[in-house]
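This report concerns only the one structure given below.
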Amino acid sequence: MKVLIAGLPKSGTTGLLYLLASSCANKPRLLFEPKVCPADLGTEGGDVIAKVLLGMNLDVASFAHFDKKITIVRDLRDRIVSALLYSQYHSNYLEDGERVRIVRECLMRKESSPSTVSISEILEAIGKVSGKQNSVAVHRARVAKSITWFDDYVAAMPDGFLFKYEEFVSGNYDALEQHLGLRISGAADVPEGLQRVRRTKGHGNWRSWFTEEDVQEFKPLLSPWLEKYGYDADDWALSEK
C-alpha cells in the first residue's frame, strides 16, 4: 500500500508519518518531503509512506496514483503561533547577540503581560532585526497564500481523507483506521535529527497568544477557511488568564 500524507508546514505531518510507519507490520519505505514522486515508485514493491508539504513547486499530479491519501488540516490560528518562532530556525540574525536581545525582550514582555503584546508586534520585532520591511503585511500575504495552497490541493485530490490535527494529537484514530484499513498501534516518535519540529502537541494555544488586535487582524482572513473545514468560525474567545 502506498500512503500519501499532505499538509501545510507545522500541521503534524512529520508526527503522523512516523506514527503510521511504526504501525505497519512490514517496515515501509519513507519519503520525506519530496517535491515530485520518485520515478521508481511505480515499479518497486512494498509499502510506501510519503509526506509532502503543500506549497510552491510541489508536483501534486505525480502523487495521484497513491492508494490512500491523507490531508491533515489544522486550525490556522494555531499554525500561525506554531510557525511564529520556528520560522526563525535559519535566520542569520541569530548569530548577533544584540539583535537576538531585541526579539528576546519582546518575547519576555509577551510572557509577563500576554494581552499587551500582539503577534503583529512580535513580527515587527523580528522584521526589524532581520532587515525585512512590512513584516506584518508580508506575513499576512504568506498566510493567504497558504490558504490557497491548501484549497487547491484539496480540489486536486478529491479522494483525500481530511484528518484533523486536533484528532491526531488527541489520539482519536477511529476514522483514520477505517480509511486506511490499518490498526494504528505505534507511536509518533520523531527521530532525534528532527526533534526541532516538535512543539506542544496540543491545540487551542492561539487563545493565549492572540490579542484583541490579532483577532481584528486575522478574523476576516481566516473565518471563511475555518468554517469550510469544520471549525467554529464565530468562536474567537481569548483566554482570560
What ratio of Cα Rg to 2.2 N^0.38 Å holds for the chain?
1.08
Between 0 and 90°, nearest 10: helix 13-23 axis offset from the chain longest Cα axis
30
Sort 62-74, 91-103 by the packing proxy (mean of other Cβ within 10 Å over each peptide's residues), most packed first.
62-74, 91-103
If you place +1 on the Cβ of every Lys and Arg, -1 on the Cβ of every Asp and Glu, and leave all else neutral, what size is the dipole of the chain about its Cα centre, to the nearest 20 Debye?
480
Peptides 29-37, 3-11 ordered by average Cβ neighbours within 10 Å, highest first
3-11, 29-37
Loop-only check: which trypsin sites (Lys or Arg not before Pro) in region 114-144 are DSSP coil with at most 10 other Cβ within 10 angstrom?
none
Evaluate the charge dipole of region 1-144 about its Cα centre and quote only its size in Debye, nearest 20, assuming +1 on the Cβ of each Lys and Arg and -1 on the Cβ of each Asp and Glu.
260
If each of Val136 and Ser62 carries a label point 7 Å out from its Cα toward its Cβ, how far apart are those two points in nm?
4.0
Under 10 Å, Cα contacts only: if you run a Gaussian network model on the chain, which one of Gly55, Gly131, Gly12 comes out with the highest mean-square fluctuation?
Gly131
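Any read-out appearing in this document is the output of simple, stated calculations on the displayed coordinates, not a laboratory observation. Only a predicted model underlies this, so the values are computations on that prediction, with no experimental measurement involved. For neighbour counting, all protein chains shown are included, and Cβ atoms are generated from backbone atoms with ideal geometry for every residue, glycine included.
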